[in-house]
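These notes concern the structure reproduced below.
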């Protein structure tokens, strides 16, 4: 919620503008850290004409500046973002990083997220009067918080010609993430670590792009076989998954249901090929509309996105760095306000 604006020179003691010698002096925030929650009921944002727009923050704000900047006394300002409450059907999806505009603040509630679309620069002198509450439980959670904040401003923008290839994946697959009543939603939430897009040799090579969808699953879920010992799929499963030309026949949701019904300690061969089919089914969703411009239709080499299913343990750091995570914010507008 945004309240009425006032000219910047008429604001009384705005949080971002020191007005006394005390506020200009070094400020000790040694007890504060990134991801801390502060009880502030509004923050000042700059409007398009330089006016101050007061943005209501009924749930407080969260510090998004790095801790090293927070505690340095000679830096007079830091950045905060309002805490937004994300609808329950999107909270799990957002908590996994699929909506980079929202970063989870778990200690403030399962639905509490830093709203990175409304960041304010505020004076440390004002914040020093407040008592911080921890927004994350430990160092590992703080590291995730910091990485997610950084990703909001550094994530890769897919070429315009590629986005239409990914939009069907959003509407038919990513929209189910976090919905535990859906088998597909459960697999995405509980068993898939990340969906990433890899371009070989690089995006700089230009059109057409050689693309691979990387389905990165959680540890120990994908059976491992030596290449020369990789089993053939059971005949019944092979006929169920693929047609005579080797094209995947089943949709991701149907395969997800079979994956859930197969015990983790169950048939290793069947589990291997179900994951292989699941990845192929996800890649098969990546098709632009036939009415798309020719430049879009010819944007992907071979007319299809390849797929590889791997685990977070087996994927190399080099491939993580050279690939891009597919998230909802890449493909859709922000949440309505």
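The values are calculated or read from the model by the stated rules, or taken from the named source; none is laboratory data. Since the structure is predicted, the reported quantities are computational estimates derived from the model, not experimental observations. Here Cβ is always computed from backbone atoms with ideal geometry, including for glycine, and neighbour counts include all displayed protein chains.
Please specify each residue of the stretch 113-131 satisfying the condition of being under 15 Å from the mean Cα position of the chain (by Cα) and buried (at least 17 other Cβ atoms within 10 Å of the Cβ). Spell out how you get there, then give the answer.
First, the residues of the stretch 113-131 that are under 15 Å from the mean Cα position of the chain (by Cα): 113-117.
If the condition is that a residue be under 15 Å from the mean Cα position of the chain (by Cα) and buried (at least 17 other Cβ atoms within 10 Å of the Cβ), then 113, 114, 115, 116 are the ones that fit.
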Complete set of residues in the stretch 132-171 that are touching a helix residue (DSSP H, G or I) at 6+ places or on another chain (Cβ under 7 Å), over 14 Å from residue 197 (Cβ atoms) and crowded, with 18+ Cβ neighbours inside 10 Å: 135, 136
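Residue by residue, here is whether (1) part of a helix (DSSP H, G or I); (2) modelled with pLDDT of 95 or more holds:
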position: 214; (1), (2): no, yes
position: 220; (1), (2): no, no
position: 253; (1), (2): yes, no
position: 282; (1), (2): yes, yes
position: 290; (1), (2): no, no
Six or more apart or on different chains, Cβ under 6 Å: which pairs go from a residue in the stretch 122-140 that's under 15 Å from residue 67 (Cβ atoms) to one that's buried (at least 20 other Cβ atoms within 10 Å of the Cβ) and at pLDDT below 90? Could you list them? 124/27
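Quick one: in the stretch 64-98, which of the residues that are assigned to a loop (DSSP other than H, G, I, E, B) and touching a strand residue (DSSP E or B) at 6+ places or on another chain (Cβ under 8 Å) is nearest to residue 188 (Cα to Cα)? Talk me through it step by step, then tell me what you get.
At the first step, the residues of the stretch 64-98 found to be assigned to a loop (DSSP other than H, G, I, E, B) are 64-66, 72-76, 86-87, 96-98.
The next check asks that each one be touching a strand residue (DSSP E or B) at 6+ places or on another chain (Cβ under 8 Å); those that pass are 64-65, 76, 86, 97.
Working: 64: 28, 65: 31, 76: 43, 86: 19, 97: 13 Å.
Looking at residues that are assigned to a loop (DSSP other than H, G, I, E, B) and touching a strand residue (DSSP E or B) at 6+ places or on another chain (Cβ under 8 Å), I get 97.
Only one of 242, 275 is buried (at least 16 other Cβ atoms within 10 Å of the Cβ) and more than 24 Å from the chain's Cα centre (by Cα); which?
242
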Checked the stretch 59-80 for anything within 19 Å of residue 46 (Cβ to Cβ) and within 25 Å of the chain's Cα centre (by Cα); matches are 61, 64, 65, 78, 79, 80
Might you let me know whether the stretch 296-305 holds any residue that is surrounded by 19 or more Cβ atoms within 10 Å (Cβ to Cβ) and at pLDDT below 95? no
Regarding residue 71, is this residue surrounded by 20 or more Cβ atoms within 10 Å (Cβ to Cβ), at negative phi and not assigned by TED's automatic domain parsing to the domain that holds residue 255? no
Identify, by number, the condition in (1) in the same structural domain as residue 50 (by TED's automatic domain parsing); (2) over 21 Å from residue 56 (Cα atoms) that residue 121 doesn't meet. (2)
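Is it the case that residue 194 is surrounded by fewer than 20 Cβ atoms within 10 Å (Cβ to Cβ), assigned by TED's automatic domain parsing to the domain that holds residue 306 and either closer than 29 Å to residue 44 by Cα or without any contact (Cβ under 8 Å) to a residue 12 or more places away in the chain (or both)?
Values: surrounded by fewer than 20 Cβ atoms within 10 Å (Cβ to Cβ): yes; assigned by TED's automatic domain parsing to the domain that holds residue 306: yes; either closer than 29 Å to residue 44 by Cα or without any contact (Cβ under 8 Å) to a residue 12 or more places away in the chain (or both): no.
For residue 194, the condition - surrounded by fewer than 20 Cβ atoms within 10 Å (Cβ to Cβ), assigned by TED's automatic domain parsing to the domain that holds residue 306 and either closer than 29 Å to residue 44 by Cα or without any contact (Cβ under 8 Å) to a residue 12 or more places away in the chain (or both) - is not met.
For (1) more than 25 Å from residue 107 (Cα to Cα); (2) out of contact with any strand residue (DSSP E or B) (no Cβ under 7 Å at 6 or more places or on another chain), each residue gets a yes or a no:
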| site | (1), (2) |
| --- | --- |
| 171 | yes, yes |
| 193 | no, no |
| 199 | yes, no |
| 208 | yes, no |
| 225 | yes, yes |
If you check residue 219 against the conditions, is it touching a strand residue (DSSP E or B) at 6+ places or on another chain (Cβ under 7 Å), touching a residue at least 12 places away in the same chain (Cβ under 8 Å) and loosely packed, with under 14 Cβ neighbours inside 10 Å? yes
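Identify all residues within the stretch 315-324 that are in a loop (DSSP other than H, G, I, E, B) and exposed (fewer than 13 other Cβ atoms within 10 Å of the Cβ); write none if there are none.
Residues of the stretch 315-324 that are in a loop (DSSP other than H, G, I, E, B), as a first pass: 315-316.
Hit for the stretch 315-324 is 316, nothing else.
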